[in-house]
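Peer 1: The structure is given below, and queries will be raised subsequently.
Here, each number is a calculation from the coordinates, and none is a lab measurement. A quick note: this is a predicted structure, and the numbers were derived from the prediction, not measured. Positions of Cβ are backbone-derived with ideal geometry, glycine not excepted, and every protein chain shown enters the neighbour counts.
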Amino acid sequence: MTEQVPEPDHGTAGAKARVAAAGADAGLPGALESGLPEGSAETASVGRWNFLKYGAAAGLGALALGGLGGAAPAQAMAAGLRSPAQSATSTGTRPSAVVPIPGVLDLYINEGYLKMVDDSLVYHRGFGDRPTGLRDASPSLAVVPKVFTADGRLVESRTYPLGAALPPRGTPLPFGPDPANPGQYFIRRNHWASYFPARTIIAEVGSTLRFRVHNRLSKDHEFVLHDVGPSHADARTGPIAPGEAALLELPCPSAGTYIYSDPTNAPVERTLGLFGALVVMDPVHQWDITAGKASFERQWVWICHAVESNWAAMEAAGGTVDPLQTKAVPRYFTLNGRSGYESLAITRNEALNLASEEETLVSGYPRQLDVRQFGEGTTAGTLRGGQLVRLINPGIVYHQIHFHGNHLWTVRRNNYHWPRRDGYVDEQGHVVLQQWEDVVELEPMDRKDCIVPVKRPPDALDPVWYARTTDWEYPMHCHAEPSQTAAGGMYPGGLVAHWNLKAPIPGEGA
């Protein structure tokens, strides 16, 4: 993750999505304001969102109800009432974290400074786990991965499936050698967990998503889950005033890849850092993209972003960016929050290197792969599947993701499954057909699910292949060339990575 450091202050889905306004520290579930003891049967029932009871106990003035795509904006508190957050803001301080509600994810809209790959400090905003201030040495600007489970729990975990074996340094170990294909391996079926980067929220089909979003900044902000409802409707809180909070509840959407962001003054707020990814999994088919579709050994989430430091400086100084008047010229490009040598895991910080290897740098043992049947293999415990990469672009730059050594097999875009035959060209000129791709185009707000085969490269001659004793590393870079640099010219300081084809295991007969 990008190192976080202090900086001087520059001024201050379904038909039943529900939104409720509250003071950011109004005390929901109301144990303190109502006089009820924490852990009592009364406070426990707040997990069922008994807002009328506990909202009144906390002194809240109103509830706002709405639906997906048309949710009512968060409403102000009753006249004459001030939340603790409002009072704290007026005195220049910030409140502490609120009392958690079981099953509810608290997101804090914070601000702070992040160190870029060239050691520059750039102002950011983000949806964090805890309240932090502008001068905080470690601002919370990206949520630690959480899992909404089908049985109603909210679990903090950067791996999924919960309880599955953790692949060492992110690399799944094979089941054993493939006797029909020397130097290649069978893969363990339904075995390994996947690591997820910061900003990722995971949800199981059948769960209910519940958020409480706290605006700790000086302007209105909003939290939106994009495309999660029927006909691609959004689920949204509506504008949240400074010092206020909003509650959002919705049924979990279908299995897929989604983006959450603040669309205020688009695309400025999400460019400043108010974005993230929602990955929805079928808990019965935890190693399939969705039931009946491609199986995978493990999955990777790649979140691409472009940092516009000029916009950031303007907003940090108290201004409001007009994206039509001040054109965006991104200066830094990140992959899962890292750039250059940090995303390549070649720093002197071993913890940072390990995180990149676990979350970003695709790796695996070579195997056969037949895209006609991703679940090929009838031997118990084995699979000849590839690995899934969810390419996500909440940013403002068109990316062109290019892997050396292997092409990618694109399965779907924006949760629409591409056909295997009878392809067509859509209105934007894209070929809609499952196929091998040398370069995967990724427009702003796009999500594409691709299979990395992790197979023997087609140009690996037999004498070379059978003589190999070390891992083979292949670069990944973006064909939108400016994204490979930082600070306007530092190469390779931008959105770069590599993938690793593991060497034969001694004694495995390969």
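Peer 1: Mind listing which trypsin sites (Lys or Arg not before Pro) in segment 358-459 are in a DSSP loop and have 13 or fewer other Cβ atoms within 10 Å?
Peer 2: Working: sites: Arg367, Arg372, Arg384, Arg390, Arg412, Arg413, Arg420, Arg421, Arg447, Lys448, Lys455; in loops: Arg367, Arg372, Arg384, Arg420, Arg421, Lys455.
Passing both the DSSP loop test and the Cβ count: Arg372, Arg420, Arg421.
Peer 1: Continuing with the same structure: State, to one decimal in nm, how far the label point of His232 lies from the label point of Glu473, with both points 7 Å from Cα in the Cβ direction.
Peer 2: 3.9 nm
Peer 1: Could you state the number of Å between the C-alpha centres of segment 186-236 and segment 410-448?
Peer 2: A separation of 23 Å, based on Cα centres.
Peer 1: With a sphere of radius 11 Å drawn around the Cβ of Ser343, what net charge do the other residues whose Cβ falls strictly inside it have (Lys, Arg +1; Asp, Glu -1)?
Peer 2: Combined, the nearby Lys, Arg, Asp and Glu give -2.
Peer 1: Hand me the GluC sites (Glu not before Pro) from segment 172-274 located in a DSSP loop with no more than 13 other Cβ atoms within 10 Å, in residue order please.
Peer 2: none
Peer 1: Which length gain, in nm to one decimal place, applies between Leu162 and Val284 when the Cα-Cα distance is subtracted from 0.36 nm times their residue separation?
Peer 2: Working: separation 122, 0.36 × 122 = 43.92 nm, distance 1.26 nm.
Result for the pair: 42.7 nm of gain on full extension.
Peer 1: Along Cα→Cβ, 7 Å out, is where each label goes; now give me the distance between the ones at Arg135 and Asn190 in nm to one decimal.
Peer 2: With each label placed 7 Å out from Cα toward Cβ, I get 5.5 nm.
Peer 1: Could you pull out the trypsin sites (Lys or Arg not before Pro) across segment 128-160 that fall in loop regions by DSSP (anything but H, G, I, E, B) with no more than 16 other Cβ atoms inside 10 Å?
Peer 2: Working: sites: Arg135, Lys146, Arg153, Arg158; in loops: Arg135, Arg153, Arg158.
In loop regions of segment 128-160 (DSSP not H, G, I, E or B), the sparsely surrounded trypsin sites (Lys or Arg not before Pro) are Arg135, Arg153.
Peer 1: Follow-up question, since we're still on this one. What order, most packed first, do the peptides 97-108, 319-330 have when packing is the mean number of other Cβ atoms within 10 Å of each residue? Could the numbers behind the result be given before it?
Peer 2: Details: 97-108: 19.6, 319-330: 12.6.
Final packing ranking: 97-108, 319-330.
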